[in-house]
1. Filter the chymotrypsin sites (Phe, Trp or Tyr not before Pro) in segment 326-422 to those in DSSP coil with at most 14 other Cβ atoms within 10 Å of their Cβ, and list the result.
2. Starting from the Cα of ASP439, step 7 Å along the direction of its Cβ; do the same at SER287; then give the gap between the two resulting points in nm.
3. Using unit Cβ charges (K, R positive; D, E negative) and no other charged atoms, how large, in debye to the nearest 20, is the dipole of segment 72-311 about its Cα centre?
4. So for the chain, averaging the separation of alpha carbon pairs under 8 Å that are six or more residues apart and normalising by length, what relative contact order in percent results?
5. I'd like to check one number: the per residue accessible area of the chain, probe 1.4 Å, reported in Å² as a whole number.
6. Mind ranking 191-204, 336-349, 248-261, 424-437 by how tightly packed they are, going by the mean number of other C-beta atoms within 10 angstrom, highest first?
7. Put GLU173, GLU37, GLU366 in order of accessible area, largest first, 1.4 Å probe: what do you get?
8. Report the FRET efficiency, 1/(1 + (r/R0)^6), for SER186 and THR54, where r is their Cβ-Cβ distance and R0 is 35 Å, rounded to 0.05.
Amino acid sequence: MQWGKREKIPCAKFRRNRTVNQGLVTALVLVFSASMELDLDFVRAQFPAFAEPTLEGQAFFENAGGSYTCAPVIERLERYYRQRKVQPYAPYDASRLAGEEMDEARSRLAALLGVATDEVSFGPSTTQNTYVLAQAFRQWMKKGQAIIVTDQDHEANSGPWRRLADDGIEIREWKINTETGLLDLSDLENLLDENVRLVCFPHCSNIVGAINPIVEITSAAHAAGAFVCVDGVSYAPHGFPDVGGLGPDIYLFSAYKTFGPHQGVMVIRRELGSLLPNQGHWFNGDSLYKRFTPAGPDHAQVAASAGMVDYYDTLAEYHDIKGTASERCRGVHDLMRTHETQLLQPLLDALKDRNSVRLIGPDRAEAKAPTVAVALNRPGYEAAQDLAKHGIMTGGGDFYGSRPLQSMGVDMDFGVLRLSFVHYTSKAEVDQLLNALDDVL
C-alpha cells in the first residue's frame, strides 16, 4: 500500500449515466415488511413525550433537529445519575457497574450496526467528531493530495474538510444538480483520481432529503483507492443502517436524533483508524475507540445509549422479528421506513403542485427520508410561526445547509420551511399538518 493511500480494488469503472436519486431505495424495504405493519400505539407508548400534558395536541415536525427520547434511554440515564455517577471502571460496585453499562452500549450498538465493538466511539457531537477526524487527516495527508466534499451536505460534514485547504490539501467539490438538488455518480467519477484520499458525502441531506446509494458511491471511491466518510445524521433516525454491509470507512450520526442522549456516534473501521494519527491521550493510542476522542466521554450519556438498542430490541420482539442483532435491526428499520413512506407521499403530493411553494428534492416518498424542505415567497421561519398557532412544531431557516440552498438559488433571507418526521408520527398528525398548511400557505 502506498503511503496515505488506500490500496486500489480491481473492478470495472463505475460509469453510470444516471442521477443518484432513486438508487437502491427498493433495497431499503425488504419484501417481508410489506406484509407487516408497525404497531403505532405500541411505538408511541415507548415515548414519554406522548403522555406529557404540555405536549398534548402538538404535532412534532422538527424531528430532523432532534427526536423525542425513548423511555429506555431516560430510564438508563436516570439510573446512572442516581446510582452510578462515579468514575467508572474501579473495583467497587457502583464504579464497576458504571463501566459495564458503558461497555454494553458500545458492544450492543456495534452489533446492530454490523461492525466490531472497538470500531464504535462516542463524542460530544457529530460536528466535534468530524472536526477531530479532519485534524487526523490533516496530519496524515500530504500537500497536493485531495479530499472530495459535496455541496449537498450539512456544514458539519463539509466545513471541517474544506478548512484543510489552508494546509495545502486540495478540496474538490462534488456539485449537486441545481434544479433537483441531487448528486450524479458520473460527476463523482470525473473527480476521482490517484490523488484523492477521502470522499465525504451524506447518506441523505438534511435539506434535500434524497437517499444517496452508499454502496455504489463507496464502491466507486474504493476502486479509485480512496476512503469514504458518510454523514448519517439525517438518515439514521429512520432506521439504523447496516454499516458493515454498506461498506463505508467512516459513518457518523447523532444519538439525540435517534431517540437517545446528546452524543455523537462514530464508526471508523479498523483499517483506516489504525492508519490515522492518534488524536487522544498518548496512552490511549492503542485503543481504536479512544484514538479519536481527545476529551473524556460523557459517562452517563454513553451508558444511556444502550437504551436505543433496548428500544430496537423491544420493537423487534413485539413484531416477532428474529435473528441476529443486525438482522433484527434490519427488520425494525424496514418497518420504520415502510410506515414513514406511507405517510410521506400525501405530504409531498400536497406541496409539489402549489404555485407558491418550491419543493426541494424528490417528490416520490420512496426516494427520500421524511425530511421535507420547501422554499416559499416569504421567510420559512414566519411560516413556522404561523404553523405553531395550529399546534404544528417545526422550524424555518437554513438548518446549517446553506450550501445546497445557495446552489439551488434559494433566497437566503427567506431560507426554507422544513417539515420532518419519523416512525412515531401518526396519520392523524400528518392530517393536522395538511390542514394547517392549507391555512398557512
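1. Numbers: sites: TYR381, PHE399, TYR400, PHE414, PHE421; in loops: PHE399, TYR400, PHE414, PHE421.
Filter output for segment 326-422: empty list.
2. Reported label-point gap for ASP439 and SER287 is 5.4 nm.
3. 800
4. 24
5. Accessible area per residue, the chain: 40 Å².
6. Final packing ranking: 248-261, 191-204, 336-349, 424-437.
7. I get GLU37, GLU366, GLU173, largest accessible area first.
8. Computed FRET efficiency for SER186 and THR54: 0.10.
The values are calculated or read from the model by the stated rules, or taken from the named source; none is laboratory data. Keep in mind the model is a prediction, meaning the values are calculated, not measured. In this analysis, Cβ positions are derived from the backbone assuming ideal geometry, glycine residues included, and neighbour counts consider all displayed protein chains. Quick note on the areas: whole protein, heavy atoms, side chains included, nothing else; ligands and nucleic acids left out. Shrake-Rupley method; radii C 1.70, N 1.55, O 1.52, S 1.80 Å.
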